[in-house]
Amino acid sequence: MPNLRDRGQFLNLSGLFEGGLIVVALAVGWLFDVNPVESLTFDWAALLWGFLAAIPIFGLFLLFHRFPLGPMAPIKRFLIEMLGPMLSVCRWFDLVLLALLAGLAEEVLFRGLLQPWMERSWGATAGLAGSNVLFGLAHLITPLYAVVAGLIGLYLGFLLDAIGERNLLVPVVTHAVYDYLAFLVVLRAYRQEQMPEPVALTEDLDENCD
């Protein structure tokens, strides 16, 4: 069983998993004559759109993190308790790499392969909806988390055509930037919880004075 609190093992396993998604997307695309990276082209406008489009969804993440009402509270706890320890062993550039790899791999699979494939068979609306039902189910930590992920997936699916000409770079950048910023928030919350309470230090000093 891999020790995910070991930096090397965590990064290796994450790389294998995300890289595996890309391999799966390419293999399935080859079988069904869909090129998952056909629309992935570098463009400065797409890059800028990708960065800007991350702002609203990250803003919502911050809002729910700050005010985890109702069923949002278990999601916050899951992220801090499960993801926090693994992120804490990483360096800043590890987090950048993880976010880039996750953004690329998941977008190639869901927006590069599944959305165009379903569009070709069932039309644009069904392709957008169907691919993001699967995207939500792939993030089934809790039912609400799956719904939120599915809605974010719809947003990323719309971004595919945000600059007029379809470009996968837009949702890839948005996804990666969002993931990186979310990693930082979860990591900060985890580290704050690991800090010793200052009250305990005060109590110790009082006892020594007595």
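Here are the numbers for this structure:
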quantity: Within region 4-79, trypsin sites (Lys or Arg not before Pro) in DSSP loop having at most 12 other beta-carbon neighbours inside 10 Å; calculated: ARG5
quantity: Sequence of HIS65, HIS175 once ranked by neighbouring C-beta atoms within 10 Å, starting from the fewest; calculated: HIS65, HIS175
quantity: The chain - percent relative contact order, Cα under 8 Å, separation 6 or more; calculated: 31
quantity: Check: region 7-196 dipole with +1 on Lys, Arg Cβ and -1 on Asp, Glu Cβ, in debye; calculated: 640
quantity: Contour excess over end-to-end distance, with Cα ends at MET82 and ARG191 and 0.36 nm allotted per residue; calculated: 37.9 nm
quantity: Among PHE93, ILE22, LEU154 the positive-end extreme of the charge dipole of region 7-196 (Cβ point charges); calculated: PHE93
quantity: Value at 222 nm in deg cm²/dmol, rounded to 500, when DSSP H runs of n ≥ 4 in the chain each add -39,500 (n - 2.57); calculated: -24000 deg cm²/dmol
quantity: Separation in nanometres of the label points that stand 7 Å from Cα toward Cβ, at PHE17 and LEU151; calculated: 2.5
quantity: Rg [Å, one decimal], Dmax [Å, integer] - the chain, C-alpha atoms; calculated: 19.9, 79
quantity: Folded to 0 to 90 degrees: helix 143-159 orientation relative to the chain principal axis, Cα; calculated: 50
quantity: Excluding exposed DSSP-loop chymotrypsin sites (Phe, Trp or Tyr not before Pro) (at most 16 other C-beta within 10 Å), longest clean stretch of the chain; calculated: 43-210
quantity: Acute angle (nearest 10 degrees) that the helix 124-137 long axis makes with the longest principal axis of the chain, alpha-carbon atoms; calculated: 30
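Every number in this text was worked out from the coordinates using simple rules, so none of it is lab data. All values derive from a computational prediction rather than experimental measurement. Methodologically, a virtual Cβ is constructed for each residue, glycine included, from the backbone with ideal geometry; neighbour enumeration extends over all protein chains shown.
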